[in-house]
Amino acid sequence: MSSQAETVEFQAEARQLLQLMVHSIYSNKDTFLRELISNASDALDKLRLASFRDKDLGVDISDPHIRLEPDVERRTLTVRDNGIGMSREEVVDLIGTIAKSGTAELLRELKQTQAGAAAQELIGQFGLGFYSSFMVADKVTLVTRRAGEETATRWESTGEGTYTIETIDKAPQGTAVTLHLKAADDEDSLHDYTRTGTLREIVKRYSDFISWPVRMDVQRTVTEGETTRTVTETETLNSMKALWARPKAEVGEDEYREFYKHISHDWADPLETIHMRAEGTFEYQALLFIPSHAPMDLFMRDAKRGVQLYVKRVFIMEDCEDLMPEYLRFVKGVVDAQDLSLNVSREILQKDRHIQMMRKRLVKRVLSTVKEMRDAEDDRYRTFWGQFGQAVKEGLVSDPDNQEAILEIASFDSTADAERQTTLRQYIERMKDDQENIYYLTGPSRSKVENSPHMEAFRDKGIEVLLLTDPVDEMWVDAVGEFDGKRFQSIAKGQVDLSEEDDAQEGTERAQQREDFADLLSWMGTTLQDDVKEVRLSSRLTSSPACIVGDAQDMTPTLEKMYRAMGQEVPRVKRILELNPDHPLVGEMRRAYQEHGADEGLTESAELVYGMALLAEGGEVREPARLVSLMANRLARAL
Ligand code: ADP
Ligand code: MG
């Protein structure tokens, strides 16, 4: 049942990425082989699993392997596996399109990135995989037959916009990818991919740990007495040793790096490698990596997470979520458990006590590794926190057991330093003698928070305030409560009294002011009752006329907005308007109220003061046009 070859256009995104590959900007072309071998290895893993789950699949799994078949005359290289193979639909879906989340974003960023190196880095985050063949080939032919299916599929493309696809009668089960190689670089036989020596080198370098044999036929000259003849021998190019099972001391840095690239599809080196083994009642080995940069889908909902799970060297599943909590979703690696059944399913894993115990240990180890980097004042800590801090902070809410450990490795913007973030320990060291709280202010951006009126008295008294501007900050500060016995206290919530306690004179002055302003405050409270629940005097302002604060248990405006954005109904929170009695505007309003009571002008003033306080903290005014017109009228009169 052989059908006519059909010509199909690549999906638009795929075409754009192919363009980049064809006109390769990546200097290290050798890596195409790593990608193809990695795909073949995945296909063998999948076949093993499939045959394990479905005994009737009826496939031969006696000798799973990968073969490299160079052909000097035809200048081709074929990478062949007898793995799971692909159906025709799968070829179209997997090879003709790019279904990965975040691709659109990648392309947008690529368009903005001119420099080749940076573009390469971006591509690396997506692991172009199969398409990288077009770095070295001007035509690629793929013949594949899915395990259990009768017919096979032949796919071919020059990488320039279209591919042909046809159903063919016969092909061995598995996949063969044939690269029609571009002309070899004359000066550079090291990159001639028809040379067995070149191929042997590349496999050793990039794919030695692959757990299936990578074989190649090599010619050898044998001399027997007078006659010499050539014999063909099959050589296995990789050692197949599972890296994680080897003693740490025997594994080289470069081996770790290549392994990381194999499992993560990242082109950049990892930031840190964690190799651990647990012996005793429940035995396992883990090889974890912290990447050096965040993936683009770090904050996308359907992003993959988790590490690979092996049982006794046998690959079981990709993205085992039960071994790594969501807030550490960027951690990559392999966990090999000795005492699990090969039959484990995701459902079983969820409830398995051993898995939970392993997860606990892995999390502790990742957090303590970061702490070590931080304690050593290693620059890598800054990189880590810059890339992943926002995700890690989610753990403050979702993983109460590790709250303390996460706070230990966290860094925050602070008024103490415009450039560098501070840890909580450093903050505590700088605290004033009588200071009991860790002060913070949340908000949408550093500049908004830093210039908020709430900050005035703190700046005046030289008290450090943490500037929390990640959306997640709104969530954890309430949940966490304290660090090292010091309470987290928002400077935009509750009463703040920074006056020195034994300053009797200041105390009397305040009492007097409260009396003087009592009438104005209660009138304003009534006038603005739709917007605020109270109007009172402030001790946190030095130069602004007013600011808005919440009660200790109130939701912040940012949090309110976040809940709305997520589609949740939340009641509008009324906050408190605080006035600065020392500000001329506020003083004038009091005088006016005492002299001729409330009139239209004073009502407008009250509205203006409230509106300005909202603007000053970077909040949203309900009717901006009305506020502007009030202000314009005032200015016109004043001119
Ligand atoms: P990735 O490996 O990151 O998924 P690739 O571009 O390397 O991306 O491959 C795309 C998909 O094509 C793979 O996920 C796999 O489903 C399929 N594929 C590629 N090569 C093979 C192969 N040799 N055997 C079976 N499927 C393959
Ligand atoms: Mg791949």
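If you average the C-alpha positions of the stretch 53-88 and of the stretch 578-639 separately, how far apart do those two centres end up, in angstrom? About 78 Å separates the Cα centre of the stretch 53-88 from the one of the stretch 578-639. Round to the nearest 0.05 the FRET efficiency obtained for Gln356 and Arg205 when R0 = 35 Å and r is the Cβ-Cβ distance. Efficiency computed from Cβ-Cβ geometry: 0.35.
Taking only the C-alpha atoms of the stretch 504-638, Rg followed by Dmax gives 15.9, 51 Å. Here the calculated FRET efficiency for Leu615 and Asp378, from their Cβ-Cβ distance with R0 = 41 Å, stands at 0.45, rounded to the nearest 0.05.
Across the chain the C-alpha pair distances fall into 20 Å bins from zero in the proportions 15, 38, 26, 16, 5, 0, 0 percent.
Each Cα pair under 8 Å and six or more residues apart adds its separation to the average, and for the stretch 357-420 the resulting relative contact order is 31 percent. Placing pseudo-labels 7 Å out from each Cα toward the beta carbon at Val231 and Arg487 gives an inter-label distance of 8.5 nm. Highest average first, the peptides 593-606, 413-426 ordered by how many other beta carbon atoms sit within 10 Å of their residues are 413-426, 593-606. Computed over the chain, relative contact order equals 9 percent, with contacts defined as Cα pairs under 8 Å that lie 6+ residues apart. The length gained on full extension between Met300 and Glu6, counted as 0.36 nm times the residue separation minus their Cα-Cα distance, comes to 102.2 nm.
So how much slack lies between Lys29 and Glu436, counting 0.36 nm per residue of separation and subtracting their Cα-Cα distance, in nm?
Full extension of this stretch gives 140.6 nm more.
Could you compute the FRET efficiency for Ser368 and Ala268, with r as their C-beta to C-beta distance and R0 at 41 Å, rounded to 0.05? Efficiency, from the Cβ-Cβ distance: 0.95.
Using only Cα atoms and rounding to the nearest 10 degrees, what angle (0 to 90) does helix 471-480 make with the longest principal axis of the chain? The answer is roughly 70 degrees.
Of the peptides 467-474, 483-490, the ranking by mean beta-carbon count within 10 Å, highest at the top, reads 467-474, 483-490. Extending 7 Å from the Cα toward the beta-carbon at both Ser447 and Glu149 defines two label points whose distance is 5.6 nm. P(r) for the stretch 411-491, from all Cα pairs and a bin width of 10 Å, is 18, 58, 24, 0 %, short bins first. Computed with a 1.4 Å probe over protein heavy atoms only, the accessible surface of the chain comes to 49 Å² per residue.
Any idea what angle helix 103-112 forms with the longest principal axis of the chain, computed on alpha-carbon atoms, 0 to 90 degrees, nearest 10? With rounding to tens, the tilt is 80 degrees. Between Thr223 and Ile348, the contour length at 0.36 nm per residue exceeds the alpha carbon distance by 39.0 nm. Placing pseudo-labels 7 Å out from each Cα toward the beta carbon at Glu279 and Gln553 gives an inter-label distance of 5.5 nm.
The values are calculated or read from the model by the stated rules, or taken from the named source; none is laboratory data. From a predicted model like this one, the values you see are computed outputs, not experimental measurements. Cβ coordinates were reconstructed from backbone atoms using ideal geometry, including for glycine residues, and neighbour counts include every protein chain displayed. Side chains are part of the model used for accessible areas, which takes the heavy atoms of the whole protein and leaves out ligands, DNA and RNA. Shrake-Rupley method; radii C 1.70, N 1.55, O 1.52, S 1.80 Å.
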